[in-house]
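Worksheet: one structure, shown below.
The values are calculated or read from the model by the stated rules, or taken from the named source; none is laboratory data. Since this is a predicted model, take the numbers as computed values, not measurements. Cβ placement follows ideal geometry from the backbone for every residue including glycine, while neighbour counts extend to all protein chains displayed. Ligands, DNA and RNA are excluded from the accessible area calculation, which covers all protein heavy atoms including side chains. Shrake-Rupley method; radii C 1.70, N 1.55, O 1.52, S 1.80 Å.
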Amino acid sequence: MKILLTLRQPLWPADTGGKVRSLNIFSRLAKRTEIHAVSFADPVRDAAAIREMKRMFTSYTPVFWREAEKYSLAFYKELLANQFSPLPYFLAKCSRPDFRAATEELIARKHFDLVFCDFLHTAVPLLQCTFRPRVVFEHNVEFLLRKRKWEVEKHPLRKFVFGTEWRKTRTIEAKVCRSFDHIITVSGQDQQILGHEFGIQNVSTLPTGVDTDFFRPLDDRPQPGRLVFVGSMDWDPNEDGIVWLLREVYPRIRQAVPNASLSVVGRNPSLHLRAVAVRQPGVEITGWVPDVRPHLSQAEVVVVPLRVGGGTRIKIPEAMAMGKAVGSTPVGAEGLPFCDGREIRIAEQPEEFAQAVVELLRNASKRNSIGTLALKEVASQYSWDVVVDRLEEILEQVTRPRTLAVVA
């Protein structure tokens, strides 16, 4: 099989959940089949990543673009100007003619069996492309992710912008899902949502995986009272969740467990987050780290306090693969088949979340039981090779004559 793979960005460094998932899947798939990849890339910042992409795939075509830095003056100018566009900002900035031209030039030169768009970002520019079959991998139900941001936002101007964005996103996401030959989601829950919202049946689920050779229990003893969160801090749902934790939950935990501390591990924490964190004792904001495992190994409990999100959180099975007990909100654990009180603790309201974490910190037997059961489940069910086997099955059925519409 020969695949044209369209990506939002190079997959190195794998410093976001989406990039971790995509890199693990496509690096393995590239050893089994012929993949020609195309993505946006910054010619300077991504120079090393471009070399890695060319080594991994049969061919790699970078489409050079310097994206406006988030929260910069250029970013706000683009965001303001985009209020008059039918596309939400996060998709409008990716809908560039040079990306479509590069993709269509590859299609014209090579005989592909299918076009595979990773994320909605690279599917929208190809809506008018006549090549078939086209597949889009929806790591999130994008409109729902933005609707949840709108629901929890209190600031009037931001709430207005988020409301506009999620409604625009729903319109274009529906168009893509109804136009493409097949949709892949990361959970059965997302599959059901797309089917219900958009009236489609051509949807399959690809489960989340974890590299259990890389993420495994270490010999280090955890630090008593240590809580750890791992995630890209320039992703709005992560910052929202940590700010909520610091303001509403962490003080309750400290009141019950005075030696409790929190380490927030992830790239690009904002000045706002740092200002909130500095008001609380025992909170460390690390910024980017080359390896999250030493930080996870120090945790007695890994927390996932998300109020906004979509898809599934890779950070949960990675922590579980290291034998850690995880405390999460329902949104944080959404789409993952773990049971509250068995492989994970799940709580939504601040008081309930604090009580769940305090119980795990105080009760070593309970904490170790949850961590052990979670590790056993992840080690047996979450291999990336099994995920790629499933993806191959889906793609083979999609490319089979007269079976483009539905894959079990």
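Surface composition of the chain: carbon and sulfur atoms hold 52% of the protein heavy-atom accessible area at a 1.4 Å probe.
Give me the tail of P(r) for the range 16-71 as a percent: Cα-Cα pairs with distance above 16 Å.
49
Sorted by packing (mean other beta-carbon atoms within 10 Å per residue), highest first, where do 169-177, 139-147 land? Walk me through the intermediate numbers first.
Numbers: 169-177: 19.7, 139-147: 22.9.
So the peptides 169-177, 139-147, ranked by packing, come out 139-147, 169-177.
Quick check: net charge around Ser179, other residues with Cβ under 14 Å of its Cβ, Lys/Arg +1 and Asp/Glu -1?
Details: positive: Arg132, Arg134, Lys175, Arg178; negative: Glu138, Glu173, Asp181.
Charge balance in the 14 Å sphere: +1.
Residues in the chain average 44 Å² of solvent-accessible surface per residue, probe 1.4 Å, ligands and nucleic acids excluded.
Between amide H atoms placed 1.01 Å from N, distances below 5 Å from Ser261 occur with Arg226, Leu227, all of them 5 or more places distant or on a separate chain. Taking the average, over residues, of other Cβ atoms within 10 Å as the packing measure, peptides 73-84, 364-375, 311-322 rank 311-322, 364-375, 73-84 from highest down.
Quote the charge dipole size of the chain about the Cα centre in Debye, to the nearest 20; the model charges only the Cβ of Lys and Arg (+1) and of Asp and Glu (-1).
Roughly 520 debye, rounded to the nearest 20.
For the chain, modelled as a GNM whose springs connect Cα atoms under 10 angstrom apart, the maximal fluctuation among Gln128, Gln192, Gln381 occurs at Gln128. When the P(r) of the range 55-156 is calculated, the portion above 22 Å amounts to 43% of the C-alpha pairs.
When Lys and Arg each count +1 and Asp and Glu each count -1, what net charge do the other residues less than 12 Å away from Ala48, Cβ to Cβ, add up to? Intermediate values should be presented prior to the final figure.
Values: positive: Arg45, Arg51, Lys54, Arg55; negative: Asp42, Asp46, Glu52.
In short, +1.
By the Cα gyration tensor, the chain has an equivalent ellipsoid whose semi-axes, rounded to whole angstrom, run 36, 24, 20 from largest to smallest.
Projecting the Cα positions of Ser179, Pro207, Pro251 onto the charge dipole of the chain (unit charges on Cβ atoms of Lys, Arg, Asp and Glu, taken about the Cα centre) puts Ser179 furthest along the positive direction. Counting only the Cα atoms, the range 129-232 fills a convex hull of 175 Å³ per residue.
Given the chain, what percent of its DSSP beta bridges are antiparallel, to the nearest 5?
Numbers: 0 of 45 bridges.
Around 0 percent of the beta bridges assigned by DSSP in the chain are antiparallel ones.
Normalised by the number of residues in the range 32-179, the average gap of Cα pairs under 8 Å and 6 or more apart makes the relative contact order 18 percent.
Here the range 18-60 and the range 172-229 have alpha carbon centers that stand 20 Å from each other. How far is the Cα center of the range 66-131 from the Cα center of the range 234-254, in Å? Centre-to-centre distance over Cα atoms comes out at 33 Å.
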